Amino acid sequence: MSSLTASRALAPVGTAGKFFAFGLDVLRALFRRPFQLREFIQQAWFIASVTIIPTALVAIPFGAVIALQVGGLIKQFGAQSFTGSASVLAVVQQAAPIGTALLIAGAGGSAIAADLGARKIREELDAMMVLGIDPIQRLVVPRVLAAMLVAVFLNGLVSVVGVAGGYVFNVILQDGTPGAYLASFTALSQLPDLWQGMAKALVFGLIAAIVACYKGMNAAGGPKGVGDAVNESVVVTFILLFIVNFVMSAIYIQLVPPKTG
Amino acid sequence: MGVEIQVEHLSKSFGKQLIWGDVTLTVPAGEICVMLGPSGTGKSVFLKTLIGLLKPDQGSIVIEGTDIATCSEKELYEIRKLFGVLFQDGAMFGSMTLYDNVAFPLREHTKKSESEIRDIVMEKMDLVGLVGAEDKLPGEISGGMRKRAGLARALVLDPEIVLFDEPDSGLDPVRTSFLNQLIVDLNAQIDATFLIVTHDINTARKVPDNIGLLYHRHLAMFGPREMLLSSEEPVVRQFLNAQRVGPIGMSEEKDADELEAEKDQELPPLPPIPLQLEPSNGIPRRSQRQPGAWCREHGVTPPPGSFEESMSMATGG
């Protein structure tokens, strides 16, 4: 009985270990030739096609909400001329990576998990291994790289659309001056903000794709298992990405001191 | 031609549940073997262990000097190139046409040109009778066709060992006997080692050179076809003749009370041993033995009516 409880209590540790081992396998397969260029391009295109429009649609309200919140607050200080700066800072530093995380996990990751899960329960992955082909190299690596690439692009997309959305709301709804909005862009934000946003997006793409692939490839128990795998992969990715976002932000603030306008 | 598989003291369990233990057998090179067993005795697990998809807890599986149970991942992927495996549902890649499915191993493993690939793929498609269906997706064809397509893909790299996971499940009796004939013809043609996992006794009685029976977490018996078909051993006899009287119950094995109640029941006589299925071109396979040869050598009298042409006709060869 005691061993049963112990094994139950330690089960999450085992799962975490297996996931980590899977991550290492992927890392090793990353450098193994031949590289699956075709699969990579197909997957990048596929992930981009399922995420671009939702991302743009999510980015507009993101930018608008920040503009509304910050704009109202900043008015009370009489510092309207800094609205643009605050908006850029918030969007580029936080909103863009978070928006990317939501979409890459919710749309891209779920699609990957469903695809690999279906292949797993139909024994396609077994068949592939038996044909002497490593599914990690053949299927997982191209997906991980594709997700990373697309995540970086999505990050750029959210930044642009978010800032533009903020601009529209500030200028049209809050009677801000366009010139002041644009002129204050660099007052608080700096170039490293953009780099860290892209670095975050890269890591988010990596984590989202590895979790989705891991969950998909370990789907078990028929069609229901695929549904469970997709569900778990999205939930786990969200949790991981928000934690990683926090950690990376904290490190970034330590490394690059905020600019004082 | 063909490769021998030596299995020694193999054990596998999931958690605390032992699937089978201490399985020792040698699958002879170039022969057809059938692995039988009641549902749920781990036949498919055995097959997956043989190709290294599952790691056994103990024991060794030696193929061409490499032990699959302990070798490195890299060696495993190399040794798997010797294998062709037909999965239960064909396991075709759902996003590719049948042609691409069959061409897949060639494109991944060889540097052949597309026209060479086309020749090989069409030859294999012809072999399994699927010419004309190359452009279909696996979702658009029947289960029997998927199986045959899976067989074409398994054969495309000219394997030394071909494993069949329940080739007859979900097929009608006519298709099953066509598939059985195909298996025998293929063996005659490519001389590879064949291992068929099934619980269809009709296949088991007529197709193989050797039969193995997995029962109650161990290998009950493994040997030449005639040895098992003439065996008086209760489990073997019950299973190969599909009888209710015997140690196998509805759920795994029977308890003492049930066995006690059956004690005085007269066992039905052993049915005659049918003739082995021959290649359709009439040229005997290399591993084929004379009908009744084993029985004569070992002084066993086969059940009356064995090895008669008419009998095998009656049961639909």
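What follows draws every value from the coordinates through simple rules; no lab data is involved. Just so we're clear, the structure is a prediction, and the values are computed from it rather than from any experiment. Neighbour counts are summed over all protein chains in view; Cβ atoms, including those assigned to glycine, are modelled from backbone coordinates with ideal geometry.
Hey, how many Å between the Cα centroid of region A:206-221 and the Cα centroid of region A:55-103? Taking the Cα centre of region A:55-103 as reference, the centre of region A:206-221 is 33 Å away. Within the listed set B:PHE87, B:PHE164, B:PHE307, the Gaussian network model of chain B (springs between alpha-carbon atoms below 10 Å) gives the highest mean-square fluctuation for B:PHE307. Axis of helix B:173-190 versus longest Cα principal axis of chain B: the two differ by about 70°, to the nearest ten degrees.
Taking B:HIS199, B:HIS216, B:HIS109 in turn, the Gaussian network model of chain B (Cα-Cα springs below 10 Å) assigns the largest fluctuation to B:HIS109. Hydrodynamic estimate: the Kirkwood radius of the protein assembly as shown over Cα pairs, inserted into Stokes-Einstein at 10 °C and 1.306 mPa s, corresponds to D of 57 µm²/s. With the helix formula -39500 (n - 2.57) applied to DSSP H stretches of n ≥ 4, chain B reaches a computed 222 nm mean residue ellipticity of -9500 deg cm²/dmol.
The ranking of B:TRP20, A:TRP195, B:TRP294 by Cβ neighbour count inside 10 Å, starting from the fewest, reads A:TRP195, B:TRP294, B:TRP20. Ranked by how many other Cβ atoms sit within 10 Å of their own Cβ, fewest first, the residues B:GLU226, B:GLU166 fall in the order B:GLU166, B:GLU226. Rounded to the nearest 5, what % of DSSP beta bridges with both residues in the protein assembly as shown are antiparallel? The antiparallel proportion sits near 55 percent.
Loop-only check: which trypsin sites (Lys or Arg not before Pro) in region B:13-60 are DSSP coil with at most 11 other Cβ within 10 angstrom? Can you show the working numbers first?
Numbers: sites: B:LYS16, B:LYS43, B:LYS48; in loops: B:LYS16.
Those that pass, being in a loop and sparsely packed, are B:LYS16.
The fewest-to-most ranking of B:ASP172, A:ASP126 by surrounding Cβ atoms within 10 Å reads B:ASP172, A:ASP126. Each residue of region B:48-56 was assigned a 3J(HN,Hα) from its phi angle through the Karplus curve 6.51 cos²θ - 1.76 cosθ + 1.60 (θ = phi - 60°); the sequence is 5, 5, 4, 9, x, 6, 10, 8, x Hz, with glycine and proline shown as x.
Helical runs assigned H by DSSP (4 residues or longer) give chain A a calculated mean residue ellipticity at 222 nm of -26500 deg cm²/dmol, each run adding -39500 (n - 2.57) before division by the residue total. Amide H contacts under 5 Å for B:TRP20: B:LYS12, restricted to partners 5 or more places along the chain or on a different chain, H placed in the peptide plane at 1.01 Å from N.
Close amide-amide hydrogen proximity is noted between B:VAL162 and B:GLY84, B:THR193, B:PHE194, B:LEU195, each under 5 Å apart and 5 or more residues distant or on a separate chain (H modeled in the peptide plane; Pro and chain starts excluded). Report, for chain B, the % of DSSP beta bridges that are antiparallel, rounded to 5. Restricted to chain B, the bridges split so that about 55 percent are antiparallel.
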